[in-house]
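Please read the structure below before turning to the comments.
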Amino acid sequence: MTREELLKGKPEALESFQFEGRPEEAVGYGSGHINDTFLVRCTASDGTEKKYILQRMNREIFTEPVELMENIMNVTSFLRKKITEKGGDPERETLNAVLAKDGKPYFVDSIGEYWRVYIFIEGAESYDAVEKPEDFYESAVAFGNFQSLLSDYPAETLHETIKGFHDTKARFCTFKKAVEDDIMGRAASVQEEIAFVLEREDVACALGDMLAAGELPLRVTHNDTKLNNIMMDSKTGKGICVIDLDTVMPGLAVNDFGDSIRFGASTAAEDEKDLSKVSCDMELFELYTKGFMEGCKGSLTQKEREMLPMGAKVMTFECGMRFLTDYLQGDTYFKIHREGQNLDRCRTQFKLVKDMEEKWDTMQDIVRRI
Ligand code: ADP
Ligand code: GN1
Ligand code: MG
């Protein structure tokens, strides 16, 4: 079903929120892989237009939507307070959920689907690829700053919205099981990719082992720091607002760093078929490292700084492994728009991992220098 068909003739969700004005239209929006996102235009009685983001939350993935929305309401109100204290604009610098008519921050429709609404952040864009290197730098400052704003958030009150989300070792086990089960009969055709994963069990264990040994601290992190999860101000070029807060949970700073590198420092799209176009750009890596450290305001420990390249490699490896697992299991997790897209995504990630392995000394030098 397309996104448009989801709402056609069934405007329940559109009628159930406290919009300013009357919703005139809802069109599919953005390129996220998880939720169904719509841009809603409303017209107030005086004729002014107000825009909103309406999302159908992915119930298969987020099995506890009420707890998830509780996280988001708590985190955004915490951020709103800090932004206001610093003289910022809380309407644009954090997500603002619009309540349903019954006062809840979500609406459950007649078939049990969960919906939510955010105020649309005007005068800003999210990018699917780095257009100007400065944008990537600014996104790094904003993601680092996000982490620093949440450094005194009471982590124990956060629900774990996806269990073991960045437990790469556990994901390695899930992957092996998917290969064994081979429910779609696809394993034989991706032997090379499977071998690539199996040869790197050490990568899967690297950060988890350090966390268990107390060498890396658990912080409140975003956990899904790709470039299109940040709104960049169209005028100033600054990263104005971190969005997609579904996975804000205790996690590792190096993973937040790493996931941004995986996506933004790649020279090609996540699903590029021509692998000769895919590499990890060291200038972008350097820019992001500078921006992230600046945004974190000196809060990273020595060990965390040392492990930044490892964060990049592990997140890229993990994501490739997740795409491959999904391909083997029949493409039920990540949205696909064509056959084989998850396999193409997996291949770009593994090409990046290989490239990082070749550039390992350079990556470490860059981090040491900064
Ligand atoms: P997903 O979990 O599917 O990635 P996101 O929450 O990231 O969903 O939303 C998808 C896209 O919608 C984003 O990449 C961004 O372009 C746009 N978007 C989301 N929230 C807002 C907002 N409050 N204002 C403007 N655009 C938004
Ligand atoms: C998903 O929601 P979105 O599209 O921003 C995924 C991330 C992956 C990413 C790969 C909740 O992010 O973990 O890294 O796709 N989010 C979830 O592009 O699984
Ligand atoms: Mg997103």
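The values are calculated or read from the model by the stated rules, or taken from the named source; none is laboratory data. Just so it is clear, the structure is predicted and the values come from calculations on it, not from any experiment. As a convention, Cβ positions derive from the backbone with ideal geometry for all residues, glycine included, and neighbour counts pool all protein chains shown. These area figures cover heavy atoms from the full protein model, side chains too; ligands, DNA and RNA do not enter into them. Shrake-Rupley method; radii C 1.70, N 1.55, O 1.52, S 1.80 Å.
Taking segment 16-60 on its own, how many of its residues are part of a loop (DSSP other than H, G, I, E, B), away from ligand 2 (no atom under 16 Å from the Cβ) and open to solvent by less than 70 Å² (accessible area, probe 1.4 Å)?
Going residue by residue through segment 16-60, those that are part of a loop (DSSP other than H, G, I, E, B) are 16, 18-21, 29-35, 44-48, 57-60.
With away from ligand 2 (no atom under 16 Å from the Cβ) added as a condition, the list becomes 16, 18-21, 44-48.
Next, from what is left, pick out any that are open to solvent by less than 70 Å² (accessible area, probe 1.4 Å): 16, 19, 21, 44, 47.
Number of matching residues: 5.
Collect the residues in segment 301-353 that are part of a helix (DSSP H, G or I) and within 16 Å of ligand 3 (Cβ to nearest atom), keeping them in residue-number order. I'd like the intermediate steps shown before the answer.
So the first thing to find is which residues in segment 301-353 are part of a helix (DSSP H, G or I), and the list is 302-306, 308-328, 341-353.
Correct list: M315, C319, R322, F323, R345.
Annotation note: Cβ proximity below 7 Å between a residue of segment 165-183 that is among the acidic types (D, E) and a residue that is at pLDDT 95 or above (sequence gap 6+ or interchain) occurs for D167/G208; D182/L328.
Out of curiosity, is N228 within 25 Å of Y127 (Cβ to Cβ) and free of Cβ contacts under 8 Å to residues at least 60 places away in the same chain? Break it down into steps so the answer makes sense when it comes.
On the way: within 25 Å of Y127 (Cβ to Cβ): yes; free of Cβ contacts under 8 Å to residues at least 60 places away in the same chain: no.
Here the answer is no, as N228 does not meet what is asked.
Taking segment 244-281 as the range and being part of a loop (DSSP other than H, G, I, E, B), in contact with a Lys or Arg (Cβ under 8 Å, 6 or more places away or on another chain) and within 16 Å of ligand 1 (Cβ to nearest atom) as the test, the residues that pass are E270, D271. Which condition number in (1) within 19 Å of the chain's Cα centre (by Cα); (2) in contact (Cβ under 8 Å) with a residue 40 or more places away in the chain; (3) surrounded by fewer than 24 Cβ atoms within 10 Å (Cβ to Cβ) is the one that V367 fails? With respect to (1) within 19 Å of the chain's Cα centre (by Cα); (2) in contact (Cβ under 8 Å) with a residue 40 or more places away in the chain; (3) surrounded by fewer than 24 Cβ atoms within 10 Å (Cβ to Cβ), V367 is out only on (1).
Out of curiosity, is A268 assigned by TED's automatic domain parsing to the domain that holds K351 and closer than 27 Å to Y29 by Cα? Break it down into steps so the answer makes sense when it comes.
Working: assigned by TED's automatic domain parsing to the domain that holds K351: yes; closer than 27 Å to Y29 by Cα: yes.
Yes: the conditions hold for A268.
Only one entry in R116, R171, R186 is under 27 Å from L300 (Cα atoms) and of a type in the set (K, R), namely R171. The residue list K273, K290, K235, K226 contains one member that is away from ligand 3 (no atom under 16 Å from the Cβ) and closer than 27 Å to D365 by Cβ, which is K290. Taken over segment 321-344, the residue count meeting the criterion of being of a type outside the set (F, W, Y) and buried (at least 24 other Cβ atoms within 10 Å of the Cβ) is 4.
Scanning segment 262-286 for residues that are open to solvent by 50 Å² or more (accessible area, probe 1.4 Å) and either touching a Cys at 6+ places or on another chain (Cβ under 9 Å) or at positive phi (or both) yields a count of 1.
Looking at segment 61-117, which of the residues that are part of a loop (DSSP other than H, G, I, E, B) and acidic (D, E) is surrounded by the most Cβ atoms within 10 Å (Cβ to Cβ)? For segment 61-117, the residue satisfying everything is E113. Listed conditions (1) farther than 17 Å from N255 by Cα; (2) part of a helix (DSSP H, G or I) are all met by L211, apart from (1).
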